[in-house]
1. May I ask you to list pairs of residues, at least six apart or on different chains, whose Cβ atoms are under 6 Å apart, with the first in the stretch 386-411 being closer than 11 Å to V434 by Cα and assigned by TED's automatic domain parsing to the domain that holds V448 and the second being at pLDDT 95 or above and among the basic types (K, R)?
2. What residue, among those in the stretch 310-334 that are closer than 15 Å to K277 by Cα and small (G, A, S), is surrounded by the most Cβ atoms within 10 Å (Cβ to Cβ)?
3. Among residues belonging to the stretch 435-462 that are assigned to a loop (DSSP other than H, G, I, E, B) and in contact with a strand residue (DSSP E or B) (Cβ under 7 Å, 6 or more places away or on another chain), point out the one that is farthest from L408 (Cα to Cα).
4. Quick check on my filter: what residues within the stretch 318-359 are aromatic (F, W, Y) and free of Cβ contacts under 8 Å to residues at least 40 places away in the same chain?
5. Based on this model, can you work out whether Y306 counts as not assigned by TED's automatic domain parsing to the domain that holds L178 and not polar (S, T, N, Q)?
6. So S95 passes all but one of these: (1) touching a Ser or Thr at 6+ places or on another chain (Cβ under 9 Å); (2) surrounded by 15 or more Cβ atoms within 10 Å (Cβ to Cβ); (3) at pLDDT 90 or above. Which condition number does it fail?
7. Please work out which residue is surrounded by the fewest Cβ atoms within 10 Å (Cβ to Cβ), limiting yourself to the stretch 384-398 and to residues that are under 9 Å from T410 (Cα atoms) and among the hydrophobic types (A, V, I, L, M, F, W, C).
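The values are calculated or read from the model by the stated rules, or taken from the named source; none is laboratory data. None of the values given here were measured: they were computed from a predicted structure. Cβ placement follows ideal geometry from the backbone for every residue including glycine, while neighbour counts extend to all protein chains displayed.
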Amino acid sequence: MKIKINSRQKGTTLVEVLALLFVFVVVSTVFLQAWSFGTKLIFETRNRLGAASLASEKMEIIRNLDYSAIGTKTPDGGGGWNYGLPGGDILQDESVTANAHTYQVRTFIQYIDDPFDGLVTGTTPIDTVPNDYKKVFVTVAWGTASSSQQVEVSSVFVPKGVEQSAGGGVLSINVLDLAGNGIADATVHIVNTAVSPHVGLTTNTDDTGNLMFPAAPASLQSYQISVSKSGYFPITTYPSMANGGTFTPVEPHASVVAGELNPSSLITDRSADITIKTKDGLSQDLPSVAFQLVGGKQIGTAPITYTLNENDTSGAGASFTESSVSPGTYTITPTIPAQHILLRMEPPGVTASSFVVSAGVNSEETLFFADMTIGSVLATVTDQSTTSPLAGASVQLTNSITGYDVTLTTDQFGRAYFPTSAPALPAGTYDLKVTAAGFQDQTKTISVSGSLLQESVDLIAS
């Protein structure tokens, strides 16, 4: 009897198992992502509702205060208070816990000069009582306090009866960039301990980079103003030291004259990084070169003072980075390493030792130093009639025996350095040929030994 065996029995193959497993993983991943997003959305919605409730509650508390008490205050760190403009009984900053979540509550209050009865400036007639009413902003933030994680409400509060002058003057603060444009949403911190009660508040500029404070107490150069914004160089005013002080500030503390508009403009812009590298004449790293770096925003005169004045070193990595500096002109003064001379700075600066940092643009400067103890040539080309250096001249160095043949173009100081990379020049006799448009060619025979040869070439106009 014959028994027939069917080799095609039904079953699950390894490929089918892997395919099923892949589908399961994909579906599970999508489900988990959707679940995670939905959970996050639920939490954020709950946080937003809680923040809105806190903001409304805060505003309702303010509605029940006397008009004279509607103003802010902050602890001065010594058991007393600094007050806003206007000052009052409301804490500027609070940390509030609700529904097991912590919120940061900030209240900002300012007098508003309403255009209905004229303004303190730019209209006729001039409004002699610019403190028409108070506007209150309550911001409740959570998490990172980004724009998507905060709630802001505002309301207007008017005095009972006819408006009356609150005294003082109008402090107008303008935060500008280098082009004269207003910087919106810059954080401004104002302190004045020369008036009573003391002033201390923090708020942000409007869309034009302005803040206006009617009824600011009169005070001579005692409003200290600090400005900061992410990505921008932080700035501050300084006390006047004209009488026997160390320097006279470019931007002194602001003054307020009673009954007057008192503008105060502060200038900053996007910050940048400066990287200083040090190399030898053969473009190899030259570590641990010390230097002084001075420049940036000028903050004082007599003597001139800048935001940056530091002594640094390129370190073991032959590189140093100064982060978040202000735009402006910087001067670098290196301590020349032993047995070296300073060759050049790349990219070339406005002078042999200074360069410009533009707003928001990182700068990298490399200092090259020629080793005087190796075979090399530094050719300096000048105009014979004026003794001025000739930039852009062509300098060719050749040696028929070794086959060395390199042509370089002089830099802004009329210099060309050979060799441009290792190894050093072998000892021997070389031909040096210099050509430049409008000048007669000149050729010299020079002798190179095991050290730096500095050769001057004066060209005669053709």
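1. Q396/K433
2. Out of the qualifying residues, it is S314.
3. Filtering the stretch 435-462 for residues assigned to a loop (DSSP other than H, G, I, E, B) gives 436-438, 440-441, 449-451, 460, 462.
Within this subset, residues satisfying the condition of being in contact with a strand residue (DSSP E or B) (Cβ under 7 Å, 6 or more places away or on another chain) are 436, 438, 440-441, 460, 462.
Details: A436: 12, G438: 18, Q440: 18, D441: 15, I460: 20, S462: 22 Å.
Filtering the stretch 435-462 for residues that are assigned to a loop (DSSP other than H, G, I, E, B) and in contact with a strand residue (DSSP E or B) (Cβ under 7 Å, 6 or more places away or on another chain), the one farthest from L408 (Cα to Cα) comes out as S462.
4. Taking the stretch 318-359 as the starting set, the residues that turn out to be aromatic (F, W, Y) are 320, 330, 355.
Across the stretch 318-359, the qualifying residue is only F355.
5. Working: not assigned by TED's automatic domain parsing to the domain that holds L178: yes; not polar (S, T, N, Q): yes.
Judged against the criteria, Y306 is a match.
6. (2)
7. Result: A391.
Matching residues to (1) surrounded by 17 or more Cβ atoms within 10 Å (Cβ to Cβ); (2) modelled with pLDDT under 95; (3) assigned by TED's automatic domain parsing to the domain that holds G259; (4) of a type in the set (D, E, K, R):
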{"position": "G182", "(1), (2), (3), (4)": "no, no, yes, no"}
{"position": "A186", "(1), (2), (3), (4)": "yes, no, yes, no"}
{"position": "I190", "(1), (2), (3), (4)": "yes, no, yes, no"}
{"position": "T202", "(1), (2), (3), (4)": "yes, no, yes, no"}
{"position": "P214", "(1), (2), (3), (4)": "yes, yes, yes, no"}
{"position": "I225", "(1), (2), (3), (4)": "yes, no, yes, no"}
